[in-house]
Amino acid sequence: MNTTEAILTRRSVRHYEAGFKMPESDLTTILRAGMYAPSAMNKQPWEFLVVTDSVLLTMIRDNHPHAAFLTDAGIGIFICVDLSKEYNGMGITDVSMASQNIMLQAHDLGYGTCYCGIYPDKCEEFNDLLKLPEHIQPIGLIALGKPVKEAKQPEERYNSALVHFNQW
């Protein structure tokens, strides 16, 4: 799959094959892609907390109003920023780019993902639940698994009215 195809065909997946076990090598490939994202001053302030324990996935699902599909997905990746490593407040931007890399790589390998926001209103809950150190802040949660079916592709999204050159 080329880059354009990956970008234009990746969709949020909310229906997963329950019980599917992803090969560890695929998970490593996906996480590695996240670590190749650009970051301010190359500080790479991301930390990824991978959750596969079914009891913990259920607790996470029960504490996030938009993650009902998490237990079927089988893997939750918390995208966190290490506040001690971020440069000039750019950590959220940096880990957001890592998130996109993760989702595109997963799509390329045939997996589905869905990003569930954590920051800013659910950080405290997940800090406690996941026993995160004080300098680690969760920003998002990516559900990862094998989709039940191929996601429907959207209509064309490019809108030239949203593009401005040099001045508004």
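The values are calculated or read from the model by the stated rules, or taken from the named source; none is laboratory data. The model shown is predicted, which means the values in this text are computed figures rather than measured ones. Note that each Cβ is placed from the backbone with ideal geometry, even for glycine, and that neighbours are counted across all protein chains shown. With ligands, DNA and RNA removed, areas are computed over all heavy atoms of the protein, side chains included. Shrake-Rupley method; radii C 1.70, N 1.55, O 1.52, S 1.80 Å.
Figures for the structure shown
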| item | result |
| --- | --- |
| Surrounding net charge for Y16, when Lys and Arg each add one and Asp and Glu each subtract one, Cβ distance under 10 Å | 0 |
| Largest to smallest principal axis extent of the C-alpha atoms in the chain, angstrom | 51, 41, 30 |
| Relative contact order %, the chain, counting alpha carbon pairs below 8 Å whose residues are six or more apart | 32 percent |
| At q = 0.10, 0.12, 0.21, 0.24 Å⁻¹, base-10 log of I(q)/I(0) for the stretch 4-102 (Debye sum, equal scatterers on each alpha carbon) | -0.32, -0.46, -1.17, -1.27 |
| Residue-count net charge about E125 - beta-carbon cut-off 14 Å; Lys, Arg +1, Asp, Glu -1 | -1 |
| Choice from A73, A106, A151 showing the highest fluctuation, given a GNM over the chain with Cα pairs closer than 10 Å | A151 |
| Residue-level accessible surface for S39, protein heavy atoms, 1.4 Å, Å² | 20 Å² |
| Max mean-square fluctuation residue, GNM over the chain, Cα-Cα springs under 10 Å, options T93, T28, T113 | T28 |
| Charge tally in the Cβ shell below 13 Å around S84, where Lys, Arg are +1 and Asp, Glu are -1, S84 excluded | -2 |
| Segment N166-M35, extension gain: residue separation times 0.36 nm, minus the distance between their alpha carbons | 43.9 nm |
| Residue-normalised accessible area of the chain, expressed per residue, 1.4 Å probe, Å² | 60 Å² |
| Accessible-area composition of the chain, carbon plus sulfur, in percent [1.4 Å probe] | 51 percent |
| Estimated Rh, the stretch 74-135: Kirkwood, alpha-carbon pairs, angstrom | 13.0 Å |
| Whole-angstrom gap from the stretch 98-125 to the stretch 140-155, using each part's C-alpha centre | 11 Å |
| Distance between modelled label sites at D53 and Y158, nm, 7 Å Cα→Cβ extension | 4.8 nm |
| 3J(HN,Hα) from dihedral phi, the stretch 76-82, Karplus parametrisation 6.51/-1.76/1.60, rounded to Hz, x for glycine, proline | x, 10, 7, 9, 10, 10, 8 |
| Net length gained if the chain between Y87 and K43 were fully extended (0.36 nm per residue, minus Cα distance) | 15.2 nm |
